[in-house]
Amino acid sequence: MQITDIDVTMVSTDSWGEFVEFPLVTVMNKYEEYRNVDGSNPEARRKWMGPVGDVVVEVETDAGITGAGHGTWATGAIATIIEETLSKLVVGEDPGRREELWEKMYRATIPFGRKGAAIEAISAIDIALWDIAGKEAGKPVYELLGGPTKEEIPCYASNLHPVDHETLEREALDYVEKGFDAMKMRFLHGPEAGRQGMKENEEIIATVRDAVGDDVQLAADAYMGWTVRYATAMVQRLEPYDLAWVEEPVIPDDVDGYAEVRVASDVPISGGEHEFTRWGHRDLLEAGAVDVLQPDVHRVGGITEMKKIMDMAEVHDVPVIPHVGTNPTLHVIAASTNAPMAEYFPIPEWYREQQDKESTYSDAIYQHPPSPEDGTIPLPDRPGAGTELNRDALDHFEYEGED
């Protein structure tokens, strides 16, 4: 079998819908124009995001099998890198030689890559190659990764943006009623809000913990919006709430800062969502920087690299709970003995009720998105990586450049 062509589609960030409009602390919160603390600045994140969110790749073969995958959040640079560089390396090659193709793509992009858009471009192609392999074999990709290690995939509800305390409580209780025994919420403030912001961060944690009780795992995301000093004080303050983890307390390049925050309290620390390749995650693990590793298959280098990262984390006795439970992610979780759960983004009922349109986020570009029941997701059963494309959504959200 030979690869005959690669087709690239840029997808607008509109496909992410309201998820980027809710209030939360972010890496850009130190700048006032990019804050959305009280919900009055819903475009805050769009002001610093590019117009392109995901880039979908379709790899065609002479056997009539087409594989699909995507890279995420690097604007249209992913498409440019694929069209100008990576396509020359893979077209005409055997799609089954995934390790060799990965190495070629990585080495060819070192002058401008190693992290960011180049690795996300490699991720998209690599996922598509695994999709081809699964379709050729007539099996889900997790069967090619060693077979399933679990009968179903537990997942946690990941939303709980701090709109207001009453809404937070209602949303958390709704997830409990739907069978979720784990959930993740977002912090509201960073250092720019001072001690009052720390107090409000604690109050929103207390609101959810009081609502769901002690038997529900509760995590919280700082989305790189804190400093080491602030994060250290904040996690010490949050020790009484028995958090499952505090996520991305500082920027990803401050590995020593991660480690410093981790040893400052008993609150587990997670990270890795914005890290790339096995080498980046090796640094986190060897520094003792995280209690939970959270690589993203659409960023780290695809399934080929994700498998290596997950195996390496197991050696360090660090569980892997990947960022975003997309269909391809479910396959690597299913095949791993060190991945206890998936992330799932439910659409809050309170949001559904106040809208006059359907929500758009949550795997809009794929058919058959994950659909949990009682807090678990069934194992995928279709051949491939679960990346059958939703053509209607792609046509609707395709970004073709500024007019």
### Query
In the range 163-196, which residues are out of contact with any Asp or Glu (no Cβ under 8 Å at 6 or more places or on another chain), in a loop (DSSP other than H, G, I, E, B) and under 18 Å from residue 223 (Cβ atoms)?
163, 190
### Task
Starting from residues that are of a type in the set (Val, Ile, Thr) and either assigned by TED's automatic domain parsing to the domain that holds residue 96 or surrounded by fewer than 24 Cβ atoms within 10 Å (Cβ to Cβ) (or both), keep the ones in the range 289-318 and report whichever is farthest from residue 249 (Cα to Cα).
304
### Task
Could you name every one of the strands (runs of 3 or more DSSP E) located completely within the range 1-98 that has at least 1 residues being surrounded by 23 or more Cβ atoms within 10 Å (Cβ to Cβ) and among the charged types (D, E, K, R)?
52-61
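Could you say which residue among 262, 195, 229 is at pLDDT 95 or above and either touching a strand residue (DSSP E or B) at 6+ places or on another chain (Cβ under 7 Å) or assigned by TED's automatic domain parsing to the domain that holds residue 39 (or both)? I'd like the intermediate steps shown before the answer.
Numbers: 195 fails: either touching a strand residue (DSSP E or B) at 6+ places or on another chain (Cβ under 7 Å) or assigned by TED's automatic domain parsing to the domain that holds residue 39 (or both); 229 fails: either touching a strand residue (DSSP E or B) at 6+ places or on another chain (Cβ under 7 Å) or assigned by TED's automatic domain parsing to the domain that holds residue 39 (or both).
Just one listed residue meets the conditions, 262.
A quick yes/no check of all residues on (1) surrounded by fewer than 20 Cβ atoms within 10 Å (Cβ to Cβ); (2) on the phi < 0 side of the Ramachandran plot:
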{"site": "236", "(1), (2)": "yes, yes"}
{"site": "242", "(1), (2)": "yes, no"}
{"site": "246", "(1), (2)": "no, yes"}
{"site": "250", "(1), (2)": "no, yes"}
{"site": "262", "(1), (2)": "no, yes"}
{"site": "265", "(1), (2)": "yes, yes"}
### Selection status of residue 38, out of contact with any Lys or Arg (no Cβ under 8 Å at 6 or more places or on another chain), closer than 30 Å to residue 137 by Cβ and modelled with pLDDT under 95
no
#### Entry: Checklist (1) at pLDDT 95 or above; (2) touching a strand residue (DSSP E or B) at 6+ places or on another chain (Cβ under 7 Å) applied to residue 12, failing item
(1)
### Message
With the requirement that a residue be touching a helix residue (DSSP H, G or I) at 6+ places or on another chain (Cβ under 9 Å), over 22 Å from residue 134 (Cα atoms) and at pLDDT 90 or above, what does the range 349-387 give you?
### Response
375
### Query
Quick one: how many residues across the range 106-147 are more than 27 Å from residue 381 (Cα to Cα) and either free of Cβ contacts under 8 Å to residues at least 60 places away in the same chain or within 17 Å of the chain's Cα centre (by Cα) (or both)?
12
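The values are calculated or read from the model by the stated rules, or taken from the named source; none is laboratory data. It should be emphasised that the depicted structure is a prediction, and the values quoted were computed from it without experimental measurement. Note: ideal-geometry Cβ built from the backbone for every residue, glycine included; neighbour counts use all protein chains shown.
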